[in-house]
Amino acid sequence: MASLQIATILNSLPPLTMTRSDSDRPRSLPPRNLSTKAFAVPRRKAMALILSAPIFSGISFHGTALAQPSIGLREYIDSFDGYSFKYPQNWIQVKGAGADIFFRDPYVLDENISVELSSPSSSNYKSVADLGPPEEAGKKVLKQYLTEFMSTRIGVRRESSVLSTSSRVADDGRMYYQVEVNIKSYANNNELAVMPGDRVARLEWDRRYLSVLGVENNQLYELRLQTPESVFLEEEYDLRQVMDSFRVDKISA
């Protein structure tokens, strides 16, 4: 009888489940649900700050670069030959480059500025209008560049175009022409290959050339700027300041 009563009581009890209360957990480990809540929000905030910092700083820097020159400009004056212009102050002068004056970027070696002038004994220019309208002058400038870049290498091909031409009267009362051209150079990767399919043309360089033309002292002056197309947009603000700064001056007898 007693056995039957005990069996009845045991059968009426709910089944046993293996549970562990928080008080039974080791003191050294916090409850798992509290640990997740404690670290989830701070970690999310920290990640947001990490990701947002470079984005905001990049936007701020980009805006600043558009609002002001990325670098300062320094003025170069040649009173002997009669011209002046401004150039990026971190560019260095290169001697023996063939031009009357030559500066280049010490880091972007394809970026440079130079001045060419016609011989006073063999030229008799009165104005840049002697070159014809700006469009005609642009064709002459491009032809001169292509002549200088002519290559005897096998498999070299050049693509060129005049991007823009314009004229302006500067604050010195003189008229200047501005010309922009693009030249691309392609070369075969294996120019001596017998099969045409093995001679694949690849792009060697892609550059923009900006010229400013002015006349004084019966001479034609040309300011030349060269820059890779890949960095032109980044450098455009400074390069256009350089173009606008070019002046020719009368030489004192």
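The values are calculated or read from the model by the stated rules, or taken from the named source; none is laboratory data. Keep in mind that this is a model prediction, so the values were computed, not measured. Using ideal geometry, Cβ is built from the backbone for each residue, glycine included, and neighbour counts are taken over all protein chains shown. Keep in mind that these areas ignore ligands, DNA and RNA; they rest on the heavy atoms of the full protein, side chains included. Shrake-Rupley method; radii C 1.70, N 1.55, O 1.52, S 1.80 Å.
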Next on the checklist: Out of everything in the stretch 109-130 that is hydrophobic (A, V, I, L, M, F, W, C) and in contact (Cβ under 8 Å) with a residue 40 or more places away in the chain, what residue ends up being farthest from Gly214 (Cα to Cα)?
Outcome noted: Ile113
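Within the stretch 196-218, can you find the residues that are farther than 16 Å from Val141 by Cβ and either of a type in the set (Asp, Glu) or without any contact (Cβ under 8 Å) to a residue 40 or more places away in the chain (or both)?
The answer is Pro196, Gly197, Asp198, Val200, Arg202, Leu203, Glu204, Asp206, Glu216.
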Checklist entry - Give me the pairs: first residue in the stretch 219-233 and without any contact (Cβ under 8 Å) to a residue 40 or more places away in the chain, second residue open to solvent by 30 Å² or more (accessible area, probe 1.4 Å) and assigned to a strand (DSSP E or B), beta-carbon distance under 6 Å, and six or more apart or on different chains, which are they? => result Phe232/Arg208
Next on the checklist: Can you find, within the stretch 197-230, the residue that is most open to solvent (accessible area, probe 1.4 Å) among those that are over 14 Å from the mean Cα position of the chain (by Cα) and among the polar types (S, T, N, Q)?
Outcome noted: Asn218
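When you check Val242 against the structure, is it hydrophobic (A, V, I, L, M, F, W, C), farther than 14 Å from Glu180 by Cβ and modelled with pLDDT of 95 or more, yes or no?
In short, no.
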